[in-house]
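See below for the structure under consideration.
The values are calculated or read from the model by the stated rules, or taken from the named source; none is laboratory data. Please read all numbers here as calculations on a predicted model, not as lab measurements. Cβ coordinates were reconstructed from backbone atoms using ideal geometry, including for glycine residues, and neighbour counts include every protein chain displayed. Please note that ligands, DNA and RNA were not included when accessible areas were found on the heavy atoms of the full protein model with its side chains. Shrake-Rupley method; radii C 1.70, N 1.55, O 1.52, S 1.80 Å.
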Amino acid sequence: SGALAAHAAAALVATLTACTPPVGQTVVGPAMTGPETGAFIVRLGADTVAVERFTRTADRLEGDMIVRTPNTRIAHYVVTLGPGGQPTRAEYTLRRPDGSPVPNALRSATLTFTADTVVSVVMRDTAITRRVAARNAFPTLVTSFAMVERGLRNLVASGRDSADITMIGFGAPSASVFPTRLLRPDSARITWFGGFPQYVRLDRGGRILALDASATTFKVKVDRMPNAD
């Protein structure tokens, strides 16, 4: 039904989070010695619903995803990072495997970030522009766990054990805030909608090794791989 689809979409968006530093505080992310690459496999039961491959440098996160729900789509994103790992701009495009536009979906979108506002431009048949109040926000994209990882790494580097999360999806009319807590050096909990937890297994630098959302209506499990075709 439309209500179920809307709830599922909200659940998908809510899993994709990044951590926000306190007002006025700049969090310096982990030092990088060169490009990092990785991949995530997203499964619902025995079914693979998405595959993401990404490359990250000190000032850029770029990735490609194949998403198979509700139909097969290929997404490409580029997030430009400023000092401390905060995003300054994010770009997103979506297409079918044959290169044609996805019916009833946006073709491309950009998010431009300032300290307390995000300017969203979505291209469908025409361009739709919004200004959204969102302090120290990060972008989020359905099934992009490389974006989730960006925020977790910032939280680990900050030395704190918890942070509220401000996130905004491409084309979203508003931002949302969700709490994240480091439970141990190798695990974290991301909570959304008042009490539905997702559990994340991390390495010491805050990289996601696995994520379990089975306690939510999203239900997916995510595993990291060195690369994916």
Practice problem: Evaluate segment 129-137: report whether one residue or more is open to solvent by 10 Å² or more (accessible area, probe 1.4 Å), modelled with pLDDT of 95 or more, among the polar types (S, T, N, Q) and over 19 Å from ARG53 (Cβ atoms). | Solution: yes
Quiz item: Does THR57 count as open to solvent by less than 60 Å² (accessible area, probe 1.4 Å) and within 16 Å of ALA90 (Cβ to Cβ)?
Solution: yes
Quiz item: So which residues in segment 104-122 are of a type outside the set (Ser, Thr, Tyr), in contact with a Ser or Thr (Cβ under 9 Å, 6 or more places away or on another chain) and under 15 Å from ARG89 (Cβ atoms)?
Solution: ALA109, LEU111, PHE113, VAL118, VAL119, VAL121, VAL122
Practice problem: Test PRO173 against the criterion of being at pLDDT below 95 and closer than 29 Å to ASN71 by Cα, and give yes or no. | Solution: yes
Practice problem: Identify the single condition in (1) more than 19 Å from ALA146 (Cα to Cα); (2) free of Cβ contacts under 8 Å to residues at least 60 places away in the same chain; (3) of a type in the set (A, V, I, L, M, F, W, C) that LEU106 does not satisfy, given that it satisfies every other one. | Solution: (2)
Quiz item: With THR217, THR180 as the choices, which residue is farther than 20 Å from VAL78 by Cβ, touching a helix residue (DSSP H, G or I) at 6+ places or on another chain (Cβ under 6 Å) and not charged (D, E, K, R)?
Solution: THR217
Practice problem: Considering only residues that are small (Gly, Ala, Ser) and buried (at least 17 other Cβ atoms within 10 Å of the Cβ), look in segment 182-220 and name the one that is farthest from ARG56 (Cα to Cα). | Solution: ALA213
Practice problem: Give segment 84-96 a look and list any residue that's touching a strand residue (DSSP E or B) at 6+ places or on another chain (Cβ under 6 Å) and either hydroxyl-bearing (Ser, Thr, Tyr) or open to solvent by 70 Å² or more (accessible area, probe 1.4 Å) (or both), or say none. | Solution: THR88, ARG89, GLU91, TYR92, THR93, ARG95
Quiz item: Can you tell me which residue in segment 70-97 is farthest from VAL121 (Cα to Cα), limited to those that are part of a loop (DSSP other than H, G, I, E, B) and without any contact (Cβ under 8 Å) to a residue 24 or more places away in the chain?
Solution: PRO70
Quiz prompt | Check on GLY34, without any contact (Cβ under 8 Å) to a residue 40 or more places away in the chain, under 25 Å from ALA157 (Cβ atoms) and assigned to a loop (DSSP other than H, G, I, E, B) | solution = yes
Quiz prompt | Hey, ASP223 open to solvent by 10 Å² or more (accessible area, probe 1.4 Å) and in contact (Cβ under 8 Å) with a residue 24 or more places away in the chain or not | solution = yes
Practice problem: Could you tell me whether SER108 is closer than 15 Å to VAL79 by Cβ and touching a Gly at 6+ places or on another chain (Cβ under 8 Å)? | Solution: no
Quiz item: In segment 60-79, which residue that is surrounded by 15 or more Cβ atoms within 10 Å (Cβ to Cβ) and of a type in the set (D, E, K, R) is farthest from LYS221 (Cα to Cα)?
Solution: GLU62
